[in-house]
Amino acid sequence: MKLMPTLQIKNICKSFGGVRAVNRCSFELVDKKITALIGPNGAGKTTLFNVVNGFIPADEGKIFFREEDVTDFTVWQRSRLGMSRTFQLSRLFKNLTIKENLILALRQDDDLFWRAFLKRGEGSELNKKIVEGMGFVGLKKNPETSVKDLSYGEQKLFDLTRALLNPHSLLLLDEPVSGVNPVLREKLKEIMRHLKEKGETVLLIEHDIDFVRSVADWIVVMDQGRVLKEGLPEKIFKDPEVLEVYLGPTE
Amino acid sequence: MGYLIHTLTLAAIYIMVALSYSLPVGYAGMLNLGHIGLLAVGAYTAAILTTSGISFWLALIAAALISGIFGFFLALPARRIKGDYYALMTLGFTFVINAVLLNWIKLTKGPFGITGIPRPSGFTDPLAFLVLTLVFLGFTAWFVHRVLGSPFGKALEAVRDDDLVAESLGKPTAKLRLTALFISAVIVGLAGALLAHFIQFINPQIFWLDNVVWILAALALGGLASFRGAVIGMLILFAIFELIRFLSIPAALLGPLRLIIFSLLLLLVVLYRPKGIFGRAQIE
């Protein structure tokens with residue numbers, strides 16, 4: 001029997017007013033691979049991303065995650081099942097420290113207030129995971145500092161760390177290299193390669209074609225709310241239709 | 001001496017109110033202007049029960065529970081209504097409670113209020129009642145301190161700072177807000193019951209909007225999202241409140257002067273120290 005893939009997107013439709021942002025969109029993620037979702041501005045990538053994560057309800061269609069129909073699940077339920085995401089513009093809990101932010105990602109039982117009255121002894125274990133997580137992405141900061149002290153690039157790395165520490169089986173990365181400098185971009189490429197080695201299943205939105213080419217195992221091209229093409233990177237970037245969408249009609 | 005005991009008892013009750021208020025406002029970021037309405041629910045529930053012969057302790061439990069239930073329903077719309085709109089909605093709750101207190105005369109005696117609320121037996125002496133109040137305050141402080149310092153408290157702060165991100169990290173934000181407001185309502189219900197049995201006379205005037213302003217002022221001064229801030233802020237306001245008495249000012253001017261001083265303080269805090277004395281967060 002063939003195993004179901006981690007994530008299946010089936011016939012998703014989403015309109016805003018009269019605009020069809022996503023129109024009968026279907027594809028599957030390949031497990032333990034990095035899939036990049038690309039397409040021109042307004043192609044519906046971010047909308048689809050938010051539908052997968054649950055921020056936006058779909059008008060039609062289904063999302064299957066780990067063999068479960070999660071279409072009607074809330075954002076937090078999907079997260080507890082194992083979806084973890086980053087944000088294009090990093091969104092941090094701005095009044096908290098780096099450590100507090102990361103502990104929030106690690107913990108899954110903090111909605112029960114009475115646990116405040118139980119004995120806890122996992123502090124050192126959480127600390128270890130935080131040090132590991134920050135070490136993995138190469139974020140060199142004192143965990144006790146406020147997240148407000150992070151630069152733009154550090155915020156990007158921090159957002160990624162938080163998503164990685166949040167227990168997950170699927171990583172959703174929303175434009176991880178948008179607006180970062182070339183040095184950090186190379187570093188992020190390196191991190192993506194490490195993620196692949198770790199066997200992470202990743203869905204990525206990215207405009208930076210060079211970045212996509214060097215990290216993605218599979219590419220899904222969206223245009224006007226539809227899936228235009230999908231395939232291996234070397235084929236996709238030679239496809240005349242894809243090139244036309246991206247670069248305009250060829251002569 | 002009697003004056004000091006009286007003031008300390010009131011201060012202890014209002015510190016309970018401030019501590020319970022810091023949970024939804026400072027931590028969960030819900031600007032609940034219905035808090036004074038919940039205080040009224042607690043006070044009236046207890047007063048109505050004890051004046052009809054039910055024991056103080058049962059009335060106390062009933063006050064906490066009924067206030068808690070009101071708090072629960074007050075938290076339900078927080079899922080959809082946020083920020084200023086939530087503040088407006090909960091302000092409406094205070095208005096509704098006040099209208100009910102004024103007009104359901106059979107139950108509440110309307111504008112005349114409930115008189116002759118008995119002190120609990122064994123605590124009729126003011127000093128004994130102060131000790132009782134301090135025991136409740138101590139328990140409240142321990143409980144709130146423990147909850148706020150726990151992972152649950154941090155999860156509330158996450159909801160306050162960015163509820164969508166909190167959701168995407170697996171935090172059930174609706175449940176977190178609901179729990180915060182429920183706990184807050186239970187504590188303020190207890191405070192209301194203590195207040196009613198301390199001053200032994202309550203009317204709707206006591207639970208009107210100026211009270212919302214000054215509890216909020218105490219929290220803003222001491223600092224939102226801070227345990228110490230809630231306690232110290234309330235103590236400072238209380239000290240000012242009482243010290244003004246000793247100035248030789250006509251009694252008629254005393255009330256307005258207090259409000260003027262509170263407003264000025266609030267203005268200074270907002271201008272020069274928007275997070276208050278100990279605060280970590282700012283309400284936007």
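The values are calculated or read from the model by the stated rules, or taken from the named source; none is laboratory data. Source: prediction; values computed, not measured. We place every Cβ from the backbone using ideal geometry, glycine too, and count neighbours over all the protein chains shown.
Hey, any hits in region A:129-145 for a residue that's within 23 Å of the chain's Cα centre (by Cα), at the interface with chain B (Cβ under 10 Å from one of its Cβ atoms) and in contact (Cβ under 8 Å) with a residue 40 or more places away in the chain? No: zero hits. Note on region B:222-272: residues that are buried (at least 17 other Cβ atoms within 10 Å of the Cβ) and of a type in the set (V, I, T) amount to 3. Filtered by the rule that a residue be of a type in the set (G, A, S) and in a helix (DSSP H, G or I), region B:262-282 gives a lone residue, B:S263. In region A:102-116, the qualifying residues are those that are at pLDDT 90 or above and more than 8 Å from chain B (Cβ to nearest Cβ), and the one that is farthest from B:T179 (Cα to Cα) is A:L102. When region B:190-231 is limited to residues that are in contact with a His (Cβ under 8 Å, 6 or more places away or on another chain) and not aromatic (F, W, Y), the one that is modelled with the highest pLDDT turns out to be B:I215. Would you tally the residues in region B:1-59 being free of Cβ contacts under 8 Å to residues at least 24 places away in the same chain, surrounded by 19 or more Cβ atoms within 10 Å (Cβ to Cβ) and either in contact with a strand residue (DSSP E or B) (Cβ under 7 Å, 6 or more places away or on another chain) or not in a helix (DSSP H, G or I) (or both)? The total comes to 0. Scanning region A:146-174 for residues that are assigned to a loop (DSSP other than H, G, I, E, B) and under 13 Å from the mean Cα position of the chain (by Cα) returns A:N166, A:H168, A:S169. Check A:K62, A:K45, A:K94 and return the single one that is over 13 Å from the mean Cα position of the chain (by Cα) and more than 9 Å from chain B (Cβ to nearest Cβ). Unique residue meeting the criteria: A:K62. Of the residues in region A:49-60, at least one is assigned to a loop (DSSP other than H, G, I, E, B) and exposed (fewer than 13 other Cβ atoms within 10 Å of the Cβ). Those helices (runs of 4 or more DSSP H) of region B:107-176 in which 2 or more residues are facing another protein chain (nearest Cβ under 8 Å) and either hydroxyl-bearing (S, T, Y) or surrounded by fewer than 18 Cβ atoms within 10 Å (Cβ to Cβ) (or both) occupy B:126-149, B:163-168. Reported count of residues in region A:109-118, each being in contact with a Leu (Cβ under 9 Å, 6 or more places away or on another chain) and not in a helix (DSSP H, G or I), is 2. If you go through region B:148-176 and keep only what is closer than 22 Å to A:F117 by Cα, of a type in the set (K, R) and touching a residue at least 12 places away in the same chain (Cβ under 8 Å), you end up with just B:K171. Which of the residues that make up region B:231-277 are more than 22 Å from the chain's Cα centre (by Cα) and charged (D, E, K, R)? Matches in region B:231-277: B:R245, B:R273. Here B:V186 does not fit the description of being surrounded by 19 or more Cβ atoms within 10 Å (Cβ to Cβ), within 14 Å of another protein chain (Cβ to nearest Cβ), hydrophobic (A, V, I, L, M, F, W, C) and over 13 Å from the mean Cα position of the chain (by Cα).
Within region A:71-90, can one find any residue that is of a type in the set (G, A, S) and more than 11 Å from every other protein chain (Cβ to nearest Cβ)? Scanning region A:71-90 turns up no residue that is of a type in the set (G, A, S) and more than 11 Å from every other protein chain (Cβ to nearest Cβ).
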